[in-house]
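*Asks:* The structure's right below; bear with me while I get my questions together.
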Amino acid sequence: MSRVRKENSSVRFAQGTTTLPRLKHGYRPELHRQVTERVPVSRLGHVLTQCCQTGLGEALDSVAIAQAKLELSELMEKIVLSLKRNRVGLEMQDPVLLHCFPHWHVTPEKRVVCLLPVHFSKVKVIQKGTGHVLLKIPPIPTLDSQLSRSTQRQNGEVLADVRTKDGAHVSPRKLHAVCSKLVSSALSKRGVGEERVVVSVDPQELTLSVKLGCDWTAELVPCVAAPAAVDSDLFYVTRRFTNEVYEKGDIKWRPCTVVKEHELLHSISSTDGGLRMRAMHVVCRLMSRDWRLAHISCYHVQTALLHDMDFQVDYSPRWQRCALETGVKSLLKTILYFVDRESLPHFDFNPLNLWEGMTSRQMTQARGALNRLLSNENALISLLRRASNDGVSVDFGFLNFN
């Protein structure tokens with residue numbers, strides 16, 4: 001079909017019938033060397049498939065998990081306005097519901113977690129050792145300024161209720177205590193009885209939780225939102241990393257990048273059809289069933305998976321096409337690699353060693369157990385069957401992207 005070029009148009013149309021040239025594809029030897037046919041499923045692959053079909057590696061009760069998250073979301077929607085309109089001068093932000101393993105969780109349990117971020121307009125983040133920070137805030141105005149409490153709030157000043165003894169930093173314990181009072185008061189106005197709310201201001205274990213109607217527990221974590229100039233998805237929490245020793249009089253905060261981690265895991269899951277998530281759940285269950293590996297938490301496994309995928313994406317052209325057996329073995333090898341180094345770097349803060357609190361004896365025991373699982377298929381199959389037939393119900397409340 002012939003078309004005439006319109007006036008003031010930059011588009012040219014061919015006159016008459018046009019035959020497109022035949023494209024010539026060059027020979028790509030790296031593509032010809034790759035396996036495209038279906039690989040036969042091994043004995044280990046059959047066992048892994050059976051384990052996943054019977055619940056191992058999956059959230060055992062996805063309906064209960066969804067119900068718990070829904071109930072928590074509805075509960076927070078009811079009290080979020082009360083929290084934001086508090087009379088103590090705290091600038092509360094929208095709650096953040098977590099969807100992957102936080103760094104303070106050791107084993108999966110019937111628990112959903114929600115962050116309660118507090119924003120400070122004038123806060124300075126001071127690095128205090130590896131993986132710890134101090135949050136410095138402006139000093140309290142002197143009495144000569146004659147500033148009332150309402151004027152202090154308008155000027156963005158931080159009240160003394162959440163300050164450390166020196167008056168220069170945000171206190172984890174005091175901020176937790178203030179937020180706990182606000183949450184408890186808001187919940188009581190919504191008909192949630194005091195018997196369902198558990199609060200602890202012990203510096204070794206600052207907790208704030210609510211018993212949900214579905215027999216699950218909602219863990220509420222007061223935290224400080226990082227300045228927007230630093231990172232909008234970074235939060236500072238009071239929760240210690242797994243295996244971290246408590247320091248008396250500790251006023252330090254820990255970085256929490258769980259939002260970023262969830263985005264990465266969601267991207268991986270949507271690309272490989274959730275295979276790596278199943279592999280991670282399998283390995284998490286294996287760690288808990290071997291006493292030599294019990295000190296390796298789900299967050300450790302999750303971090304190892306992120307490191308493994310960081311390598312696979314760069315060096316494996318077909319990382320999306322992976323069998324469950326390959327994913328499990330690759331994850332176990334990655335964990336063994338970090339055990340041999342006796343260092344598991346945090347994915348975002350590499351100088352932070354998540355295994356710093358572990359002993360050399362624990363590392364030696366884990367090294368022997370992992371080597372046996374990777375070199376002896378019968379040992380791996382035996383542990384898989386024991387984990388799937390032990391009758392212990394473990395609910396993976398996180399990493400559900402359905």
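The values are calculated or read from the model by the stated rules, or taken from the named source; none is laboratory data. These numbers come from a predicted model, not from an experiment. All Cβ positions, glycine included, derive from the backbone under ideal geometry; neighbour counts span all protein chains shown. Heads up: the accessible areas ignore ligands, DNA and RNA and are worked out on the full protein's heavy atoms, side chains in. Shrake-Rupley method; radii C 1.70, N 1.55, O 1.52, S 1.80 Å.
*Asks:* Starting from the Cα of Ser73, step 7 Å along the direction of its Cβ; do the same at Glu244; then give the gap between the two resulting points in nm.
*Replies:* Between Ser73 and Glu244, the simple spin-label model gives 3.0 nm.
*Asks:* Can you classify the range 284-389 as rounded, prolate or oblate using the Cα gyration tensor, where a ≥ b ≥ c are the square roots of its eigenvalues, rounded means a/c under 1.5, and otherwise it's prolate if a/b beats b/c and oblate if not?
*Replies:* Numbers: a/c = 1.87, a/b = 1.04, b/c = 1.80.
Oblate, since a/c reaches 1.5 and b/c is not below a/b.
*Asks:* On to the next question. Using the Karplus curve 6.51 cos²θ - 1.76 cosθ + 1.60 with θ = phi - 60°, work out ³J(HN,Hα) for each residue of the range 223-229 in order, rounded to whole Hz, and write x for Gly and Pro.
*Replies:* Each residue's phi maps through the Karplus curve to give 8, 10, 6, 5, x, 4, 5 Hz.
*Asks:* Please identify the trypsin sites (Lys or Arg not before Pro) of the range 204-309 that satisfy two criteria: DSSP loop assignment and at most 13 other Cβ atoms within 10 Å. Which are they? The partial results should precede the final answer.
*Replies:* Details: sites: Lys211, Arg239, Arg240, Lys248, Lys252, Lys260, Arg276, Arg278, Arg285, Arg289, Arg292; in loops: Arg239, Arg240, Lys248, Lys252, Arg292.
Within the range 204-309, the qualifying trypsin sites (Lys or Arg not before Pro) (loop, at most 13 other Cβ atoms within 10 Å) are Lys248.
*Asks:* Next question. Which whole-angstrom value gives the distance between the alpha carbon centres of the range 290-361 and the range 161-207?
*Replies:* 35 Å
*Asks:* Okay, moving on. Can you list the HN-Hα couplings for the range 186-196, worked out from phi with the Karplus curve (6.51, -1.76, 1.60; θ = phi - 60°), rounded to whole Hz and with x for Gly and Pro?
*Replies:* 5, 5, 5, 5, 9, x, 8, x, 5, 5, 8
*Asks:* So if R0 is 30 Å, what FRET efficiency would Asp348 and Val63 give, r being the distance between their Cβ atoms, rounded to the nearest 0.05? Show your work: numbers first, answer last.
*Replies:* Values: r = 33 Å, r/R0 = 1.10.
In this case the efficiency is close to 0.35.
*Asks:* For the range 237-292, just say rounded, prolate or oblate: build the C-alpha gyration tensor, square-root its eigenvalues into a ≥ b ≥ c, call rounded for a/c under 1.5, and beyond that prolate if a/b exceeds b/c, oblate if not.
*Replies:* Details: a/c = 6.69, a/b = 1.51, b/c = 4.42.
Taking the square roots of the gyration eigenvalues as a ≥ b ≥ c, the range 237-292 is oblate.
*Asks:* Once you put a point 7 Å from the Cα of Arg190 and another 7 Å from the Cα of Lys124, both along the Cβ direction, what distance in nm separates them?
*Replies:* Reported label-point gap for Arg190 and Lys124 is 3.8 nm.
*Asks:* So what does Asp233 come to for accessible area, using a 1.4 Å probe and Å² rounded to 10?
*Replies:* 50 Å²
*Asks:* From the phi of every residue in the range 113-130, what ³J(HN,Hα) in whole Hz does the Karplus formula 6.51 cos²θ - 1.76 cosθ + 1.60 yield, where θ is phi - 60° and glycine or proline is x?
*Replies:* 10, 9, 8, 10, x, 10, 9, 10, 5, 10, 10, 10, 8, 10, 5, 10, x, 7
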